[in-house]
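Below: the structure, in C-alpha cells.
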Amino acid sequence: MEWQGWFSLGLAASALLLMSLGRYAPHLVMMSVLVILSVSGILEPSQALAGFSNTGLITVVAMFVVAAGIHHSGGVDMIVNHLLRSPRSVRSAQARIAFPVALLSGFLNNTPVVATMIPAIHAWSRKIGISPSRLMIPLSYSAILGGTLTLIGTSTNLVVNGQYRDLTGEEGFSIFSITAVGLPVALVGLVAVVVFLPRFLPDRKDQQKFGAMREFTLEVAVSLEGPLVGKTVGEAGLRDLDRLYLVEIERDGSVVTAVPSEERLRGGDRLVFAGDTQAISDLLRINGIVPSVHDDEPSLSKDRAERRLVEAALSPQSEVLGQTIRDARFRDRYGAVVLAVARGGERVSGNLGNIRLKPGDVLLLEARPAFVSRQRYARDFLLINDLGTEAPRHDRAWVAWGTLLLLVGAAASGLLSMLNAALLGAALMILTGCCSVGQAQKAVDVPVILTIAASFALGAALEVTGAARLAAELIISASNGHPLLTLLLVYLAISVLTEVVTNNAAAVLVLPVVLSMTASMGVPAEPFVIAVMMAASASFATPLGYQTNMMVFGPGGYRFMDFVRVGVPMNLFIGLVTVAVIALVYGVELQ
C-alpha cells in the first residue's frame, strides 16, 4: 500500500478522534476531510463530491419532508390520542409507547417521530402520574429498534444502500429486504424494553425545571366548525391539562368566570388559559383549538409579540458547547438571554454566567421572535418549545398517512424505485398542504446531510487507495476466516464506532472494508451489509451515540450513567440476537 493509503487511514483515525471528543461538529470534521482529500489529489473532485448525488442521500432528504408532512398534519398526534389513554402500570405505559413508536419509526425517519412524541409523552406522564424518566429512554430505544424494520426507517439504511449500489453496481436492497432480520430483532428488543428495562430506569419526579420563574396567559378560540363545538369543557379534555388552567371564557361580549366542567363550548368562544410554556405547547396541538385574533389584544399578548420564552436543549452540534454562558454571548449570537439552565432534570444553581455548557443542557431563554425560525435551520438547539407553536393541520392527517402508504406501496411493489417513491411522497406532502414549503425546508437536517455526503469521500478514499483492503485482511486474520466470527467482529466494530461518532459516518466508513472482506473470503456480501445497517442503528449505551438518545436526555432528567447502566447490556443483548438472526436467515456457519 502506497502513501495515499496510509494517509487516508490516518485521516480517518483523526476524524474519528475529533468527532469522539465532541468539541467539533461532525459535519465540520467530515467536510474538512473532504477538502483535504480533494486538494491533496487522492480523490478527483468528481469522486470527492460524489456523495452529494448519491441516491441514498437524496432519498434521506425526501424522507425528511415526508416525516414533516406527517408531523405538521397532526398524524402522529392522532395515533397518540387513540393509543395512550390510561395505563394501569409503568410497564403498561411503556408498552403503549414502545410498539406504536416502533411501527411508526419503521416507515418514517425515527428522529422526527421522537421529536413529535416527546411533548405528548411529557404531558401524558404528568397526567398519569409516572415520572418521565421511566418513559423517555423506552421512547428512544423503541424508535431505534423500529428504524430497523424497513429500509426507510432510518437514514443509515438508505445511505448504506446507496453506497452499496455505487461500490458494487448491484441493484441494491428493496424496502423490506432488512425486515426478515429487523422484525424479530425489534420484537425481542421491545419485549426486553417492556419486561426488563423498568427495574433499571431511574424514577425521578417531574419537577418543573425552572420553578415559577414565569407564568404566561394565552388566549385561544374554539373553531367555528371544529370537533369541540357542543362538547363540555370536561369532554373536550380542557380540565385534564396539567400546569394549565382555564381562567375564563369570553362569549358574545360577556365573560364566564370560574368555568364549570359542564359548561358547553360554542364556536367562536375565546378561552383564556394561564400556565407554563410546555403546557401551552400541548394546548395548541388540540384539534378544534385555533389562535385568537382580534383587534383589542390585551397588553400581555402585545408584549409576547416582542419577546418569547423558549425552552431549548443544546444539541451535540452546538457551537457554544464547552463555553461559559458569559463567553458564549447569547444576546449577540442568538438574540436571546439565558434565564436558567437545567441539567440532569434539575435546575443548575449558582452564578449563571459561569456555568459551562454541555450537550443536553436545557436552557430557559428569553428570545426575540426570529430565534425559533433561525435555530430550526441552524440546529444549535433541539426540542424548541415556544409560545408561538404552530397548530397542526388536522384535516390533512388522513391525507398524510395515505401519501405514506402510497409511497411504501409503490416502492414495495417495484412500481417505483425507492428514490422516486420518496421524491413523489415529498412532493405530495407539499402539494396537498400537509406541510408548507417553509416547514419542508426546516425539516431537512442540513448538518446530517453534509456529514453523510462528506463521509462518502473518506469511504471512497479508503477504497481506491487499498486501505479498505488492508483493514479487511486484518479482520479476516483476527477471525481465522470463520464467517460467523467475522460477522460478529464486523458488528462489534461498527457498534463501538457508532457510540463515539455519528451512526451514518460509522456505516459509510466501514462498508468499503466489509465489501473488500467478503470479496476476499468469497462469501455473499448481503448478510454483512445487513449487519452494518443493524449495528449502526442499535446505539443504546450513551446519549451521544444516537440523536434520539440525546433528544430525550434533557426531558427525561437523565444523567450520563443512566444510559450506560441500561444501554451497555442492551447493546450486548441486541448485538448477539442480531448476529444469531442473520446467521439463521442467511445460513452463515462457523466453518
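The values are calculated or read from the model by the stated rules, or taken from the named source; none is laboratory data. Note that the coordinates shown come from a computational prediction; the quantities given were computed from them, not determined experimentally. Here the Cβ is made from the backbone with ideal geometry for all residues, glycine too, and neighbour counts use every protein chain on show.
Quick one: count up the residues across the range 431-477 that are at pLDDT 80 or above and surrounded by fewer than 17 Cβ atoms within 10 Å (Cβ to Cβ).
Of the residues in that region, 7 qualify.
When you look at S520, is it polar (S, T, N, Q), surrounded by fewer than 22 Cβ atoms within 10 Å (Cβ to Cβ) and farther than 20 Å from G106 by Cα, yes or no?
Here the answer is yes, as S520 does meet what is asked.
Considering only residues that are surrounded by fewer than 16 Cβ atoms within 10 Å (Cβ to Cβ) and farther than 17 Å from G10 by Cα, which ones fall in the range 25-52?
Once the filter is applied, which keeps residues that are surrounded by fewer than 16 Cβ atoms within 10 Å (Cβ to Cβ) and farther than 17 Å from G10 by Cα, the range 25-52 yields E44, P45, S46.
Among the residues of the range 288-342, which ones are small (G, A, S), at pLDDT 60 or above and within 30 Å of G268 (Cβ to Cβ)?
Of everything in the range 288-342, those that are small (G, A, S), at pLDDT 60 or above and within 30 Å of G268 (Cβ to Cβ) turn out to be G288, S292.
List the residue pairs whose Cβ atoms are under 7 Å apart, where the first residue sits in the range 478-490 and is within 15 Å of A580 (Cβ to Cβ) and crowded, with 19+ Cβ neighbours inside 10 Å, the second is modelled with pLDDT under 85 and among the charged types (D, E, K, R), and the two are 6 or more positions apart or on different chains.
P483/E589
Take the range 53-108 and flag every residue that is polar (S, T, N, Q) and touching a Phe, Trp or Tyr at 6+ places or on another chain (Cβ under 9 Å).
Scanning the range 53-108 gives N54, S73.
Please find, among I144, I137, I178, the residue that is crowded, with 23+ Cβ neighbours inside 10 Å, over 21 Å from V66 (Cβ atoms), modelled with pLDDT of 90 or more and not small (G, A, S).
I137
Exactly one of (1) closer than 17 Å to I79 by Cβ; (2) in contact with a helix residue (DSSP H, G or I) (Cβ under 7 Å, 6 or more places away or on another chain) is unmet by W124. Its number?
Going through (1) closer than 17 Å to I79 by Cβ; (2) in contact with a helix residue (DSSP H, G or I) (Cβ under 7 Å, 6 or more places away or on another chain) one by one, W124 breaks only (2).
Kindly indicate the residue of the range 249-267 that is exposed (fewer than 15 other Cβ atoms within 10 Å of the Cβ), at pLDDT 85 or above and outside any strand (DSSP E or B) and also farthest from the chain's Cα centre (by Cα) among those meeting that condition.
Per the stated criteria, the residue is E262.
Take G345 and decide whether it is at pLDDT below 70 and surrounded by 21 or more Cβ atoms within 10 Å (Cβ to Cβ).
yes
Suppose the filter is surrounded by fewer than 21 Cβ atoms within 10 Å (Cβ to Cβ) and among the hydroxyl-bearing types (S, T, Y); does S73 pass it?
no
Here is a list: D242, D282. Which entry is in contact with a helix residue (DSSP H, G or I) (Cβ under 6 Å, 6 or more places away or on another chain), part of a helix (DSSP H, G or I) and at pLDDT below 80?
Answer to the selection: D282.
So that you can scan it fast, the table gives a plain yes or no per residue for (1) surrounded by fewer than 23 Cβ atoms within 10 Å (Cβ to Cβ); (2) modelled with pLDDT of 85 or more; (3) polar (S, T, N, Q):
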{"residue": "M533", "(1), (2), (3)": "no, yes, no"}
{"residue": "F540", "(1), (2), (3)": "no, yes, no"}
{"residue": "G545", "(1), (2), (3)": "no, no, no"}
{"residue": "V552", "(1), (2), (3)": "no, no, no"}
{"residue": "G556", "(1), (2), (3)": "no, no, no"}
{"residue": "R559", "(1), (2), (3)": "yes, no, no"}
{"residue": "G567", "(1), (2), (3)": "no, yes, no"}
{"residue": "L572", "(1), (2), (3)": "yes, yes, no"}
{"residue": "G575", "(1), (2), (3)": "yes, yes, no"}
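May I ask you to list the residues in the range 159-183 that are part of a helix (DSSP H, G or I) and small (G, A, S)?
Answer for the range 159-183, where residues must be part of a helix (DSSP H, G or I) and small (G, A, S): G162, A180, G182.
Residues of the range 416-439 being in a helix (DSSP H, G or I) and under 15 Å from I58 (Cα atoms), which ones?
Those that are in a helix (DSSP H, G or I) and under 15 Å from I58 (Cα atoms): M418, L419, N420, A421, A422, L423, L424, G425, A426, A427.
List pairs: first residue in the range 309-330 and farther than 18 Å from Y24 by Cα, second residue crowded, with 18+ Cβ neighbours inside 10 Å and of a type in the set (S, T, N, Q) anywhere in the structure, Cβ distance under 6 angstrom, at least six positions apart or on different chains.
Listed pairs, sorted by first residue: L309/T277; E311/T277; E311/N385.
Exactly one of these conditions fails for K442: (1) assigned to a helix (DSSP H, G or I); (2) at positive phi. Give me its number.
Checking K442 against (1) assigned to a helix (DSSP H, G or I); (2) at positive phi, the one that fails is (2).
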